[in-house]
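Following: one structure in structure tokens, then a few remarks.
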Amino acid sequence: MKTMHWQPSPVLRWIALLLLCAAYLQGGFNKAMDFGSAIAEMNHFGVSPAAPTAAAVIVLELGASVLILTGFYRWLGAVVLAAFTLFATFVALRFWQMPVGQERFMAANSFFEHLGLVGGFLLVAWHDLQGRRND
């Protein structure tokens, strides 16, 4: 018996990938347009050296998103954004160190939402690698 697999249209698939990358595109563009604020963000989270790290984050967010959206080494872009998101989540959203209250509640929600993004990027990488294996 042959199994049927639904395949979304290429446009719908690209829009879904764009939505997955939207925060990284927005973040990369905003950091590039206001590099002083990007440096301030690094300082806020205790990341040093702030300026080179901010520049690297801009390249990472925009570059990995372009890989995903163009399909050129999509799996690599997805793995890079998954790893970056996981690392940044543990740096920026340490809810377990916050006192009980609204701020902790919101940080915990955001922490787990970011884990969902990590999972989404890992699924993109897995799907891309599976597709390459079947070609």
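The values are calculated or read from the model by the stated rules, or taken from the named source; none is laboratory data. None of these values were measured; they are calculated from a predicted model. When we count neighbours, we look across all protein chains shown, and the Cβ atoms used for this are built from the backbone with ideal geometry, even at glycine. The area values use the complete protein model at the heavy-atom level, side chains included, leaving out ligands, DNA and RNA. Shrake-Rupley method; radii C 1.70, N 1.55, O 1.52, S 1.80 Å.
Observations, loosely collected:
- Screening Thr89 against (1) more than 13 Å from Leu20 (Cα to Cα); (2) in a helix (DSSP H, G or I); (3) open to solvent by 30 Å² or more (accessible area, probe 1.4 Å) leaves a single unmet condition, (3).
- Between Gly77, Gly131, Gly120, Gly116, the distinction of being assigned to a helix (DSSP H, G or I) and in contact with a Gly (Cβ under 8 Å, 6 or more places away or on another chain) belongs to Gly77 only.
- Taken residue by residue, region 93-110 has no member that is surrounded by 16 or more Cβ atoms within 10 Å (Cβ to Cβ) and of a type in the set (Val, Ile, Thr).
- Pairs meeting the criteria (first residue in region 119-130 and under 13 Å from Arg13 (Cβ atoms) and without any contact (Cβ under 8 Å) to a residue 60 or more places away in the chain, second residue part of a helix (DSSP H, G or I) and basic (Lys, Arg), beta carbons under 6 Å, at least 6 apart or on different chains) are Asp128/Arg74.
- Residues of region 15-54 that turn out to be under 16 Å from the mean Cα position of the chain (by Cα) and either among the acidic types (Asp, Glu) or open to solvent by 40 Å² or more (accessible area, probe 1.4 Å) (or both), as a count: 9
- For region 40-62, the set of residues classified as more than 15 Å from Val80 (Cα to Cα) and part of a helix (DSSP H, G or I) consists of Ala40, Glu41, Met42, Asn43, His44, Ala50, Ala51, Pro52, Thr53, Ala54, Ala55, listed by residue number.
- Region 63-72, residues that are open to solvent by 40 Å² or more (accessible area, probe 1.4 Å) and assigned to a helix (DSSP H, G or I): Val66, Leu67, Thr70
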